[in-house]
Amino acid sequence: MSRLYNSRKRIIVTGGAGFLGSHLIDRLLDKDHEVICIDNFFTGTKKNVEHLLTHPRFELIRHDITFPLYIEADEIYNLACPASPIHYQHDPVQTTKTSVHGAINMLGLAKRLKCRILQASTSEVYGDPSIHPQTEDYWGNVNPIGRRSCYDEGKRCAETLFFDYHRQHSLEIKVARIFNTYGPRMHPADGRVVSNFIVQALKGEPITLYGDGNQTRSFCYVDDLIDGLIRLMESPADVTGPINLGNPIEFTMRELAELVLSKTGSSSSIVMQPLPQDDPRQRKPDIRLAQERLAWSPKIPLHEGLNPTIDYFRSNWIKTSH
Ligand code: NAD
Ligand code: UDP
Ligand code: UDP
């Protein structure tokens, strides 16, 4: 569809009822766009977009992207995919199908519409990295047959498809490699470390620290991440990515546990549990490319972003579950 530059766009967000997708939709509606949310509610929930159901520029479609989709739009953000290990390992074949068949369908849609398409890829494409911090030109260290492979290899194949559609069909693509992101609307039972620790601390249950707790992650607050995704989508055509989006400040899981305990004022104990298979020892993005090409860097430090996140869990999940 041809529209005037800078006019309102109709934007598809797949996975829009999920954690990141619902925040992205809020931001796109604030920017005066129309949004079509596509979701099969596998891990997402209507609750995340409930506040938008009567919004005149919002539309919700229940659809599984592993099947073709024929609708009209000006831009596509492809976020549909279970993201946490517990969720993506629940039905690993469906996880790969969502990444691979889903990418083919969304790329086919973008090709017919001649529109831009952005892929939510992941730091998991680096696997258990042997270089630190990870730059975009690092090819990764991924086990092709392990429990995380359905996700890691699915996302790697999706990146391949994006670049082949770009080379073969001149499609305008944007590939974001997202590093651990946290904030309100994370699912309380998705097993991710930030949600686990907060829920455990608020309930006064033991904090489950896997391995020796010295493995590191870097956590990006959701508002910063969404800002990066939109900047990438709006960047010049030659900025295809892959481009790392994440917060480079690194914490050990033990430090995170202690921070959550002090912020919640909880007296929970810390218990050690075995490290899951293929759990990366360290992960931290090199974000120089995003700084240079998108003028983006995260602004919200962990100790600040944890406050609204803890408030969200306290008011949405702790009160109601008791
Ligand atoms: P999420 O599970 O909250 O959201 C994913 C959404 O996709 C859910 O609403 C789910 O119902 C939907 N979905 C799953 N399979 C689908 C299918 N076949 N068809 C239609 N909808 C489907 O996860 P999230 O954290 O919001 O992640 C969003 C995207 O960002 C994912 O692609 C994920 O891989 C990527 N990502 C997230 C993080 C993070 O830290 N949150 C890190 C790296 C990459
Ligand atoms: N597709 C879709 N919506 C569209 C156009 C295509 O879902 O508007 C799907 C279609 O099912 C196809 C896939 O995208 O299988 C890839 O499309 P492409 O045009 O690249 O391949 P082809 O149709 O030639 O197989
Ligand atoms: N982790 C932990 N306790 C938990 C959940 C996770 O110690 O209750 C650890 C996990 O082993 C990993 C890190 O926290 O080293 C991040 O795990 P998460 O599943 O959040 O993300 P990912 O491994 O995909 O980065």
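The values are calculated or read from the model by the stated rules, or taken from the named source; none is laboratory data. Remember, it's a predicted structure, so these values are computed and weren't measured experimentally. Here the Cβ positions follow ideal geometry from the backbone for every residue, glycine too, while neighbour counts run over all protein chains shown. Surface accessibility is based on the protein's heavy atoms, side chains included, excluding ligands, DNA and RNA. Shrake-Rupley method; radii C 1.70, N 1.55, O 1.52, S 1.80 Å.
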Averaged over all viewing directions, the convex hull of the alpha carbons in region 255-322 casts a projected area in nm² of 7.4 nm²
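What order, most packed first, do the peptides 34-40, 224-230 have when packing is the mean number of other Cβ atoms within 10 Å of each residue? Kindly include the intermediate steps, with their values, before the conclusion.
Working: 34-40: 23.9, 224-230: 21.6.
So the order, starting with the most tightly packed, is 34-40, 224-230.
Among the listed pairs K47/K263; K114/K299; K31/K203; K9/K284; K174/K203, which are separated by more than 31 Å between their Cα atoms? Walk me through the numbers on the way to the answer.
Working: K47/K263 26 Å; K114/K299 34 Å; K31/K203 38 Å; K9/K284 34 Å; K174/K203 41 Å.
Table pairs above 31 Å Cα-Cα are K114/K299; K31/K203; K9/K284; K174/K203.
Give me the orientation-averaged projected area of the Cα convex hull of the chain, in nm², one decimal.
Details: hull surface 62.5 nm².
Seen from a random direction, the Cα hull of the chain projects 15.6 nm² on average.
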1.4 Å probe accessible area per residue over the chain, in Å²: 44 Å²
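Percent of accessible area on region 74-218 owned by carbon and sulfur, 1.4 Å probe? Mind showing how you got there, number by number?
Numbers: 2790 of 5450 Å².
Exposed carbon and sulfur together represent 51 percent of the surface.
From the mean inverse distance of alpha carbon pairs (Kirkwood) and the Cα radius of gyration, derive Rg over Rh for region 181-322.
Details: Rg = 16.4 Å, Rh = 16.2 Å.
When Rh is taken as the Kirkwood radius, the ratio is 1.01.
Kindly provide the helix-only [θ] at 222 nm of the chain, computed as the sum of -39,500 (n - 2.57) over DSSP H runs of four or more divided by all residues, to the nearest 500 deg cm²/dmol? Mind dumping the intermediate values first?
Numbers: 9 runs with 113 residues, N = 322.
My calculation for the chain gives -11000 deg cm²/dmol from helical runs alone.
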Enumerate the lysines that K97 could reach by cross-link, defined here as Cα to Cα under 18 Å, with residues fewer than 8 away along the same chain left out. K155
1/(1 + (r/R0)^6) with r = Cβ-Cβ of T45 and S262, R0 = 22 Å, i.e. FRET efficiency to nearest 0.05, evaluates to 0.15
Which listed residue (A237, Y221, I25) has the Cα farthest towards the positive end of the charge dipole for the chain, taking +1 on Lys and Arg C-beta and -1 on Asp and Glu C-beta about the Cα centre? I25
Once fully extended, how much extra length lies between K114 and H303, figured as 0.36 nm per residue of separation less the alpha-carbon to alpha-carbon distance? 63.8 nm
Nearest 10 degrees, 0 to 90: helix 302-313 Cα axis against the chain principal axis: 90 degrees
So for the pair Q282, E205, with labels modelled 7 Å out along Cα→Cβ, what separation do we get in nm? 3.2 nm
Binned at 10 Å from 0, what are the whole-percent values of the Cα-Cα distance distribution for region 155-235, short to long? 14, 32, 28, 18, 7, 1
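Of the accessible area of region 224-322, with the probe set at 1.4 angstrom, what percent is carbon plus sulfur? All intermediate terms of the calculation are to be shown ahead of the outcome.
Working: 2490 of 4850 Å².
Accessible surface attributable to carbon and sulfur in region 224-322 totals 51 percent.
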Backbone HN-Hα couplings from phi across region 123-134 [Karplus 6.51/-1.76/1.60, Hz, Gly and Pro as x]: 4, 4, 5, 7, x, 8, x, 9, 10, 8, x, 7
Rounded tilt (10° steps) of 193-203 against the dominant C-alpha axis of the chain: 50 degrees
So what's the gap between the Cα centers of region 1-78 and region 271-322, to the nearest angstrom? 24 Å
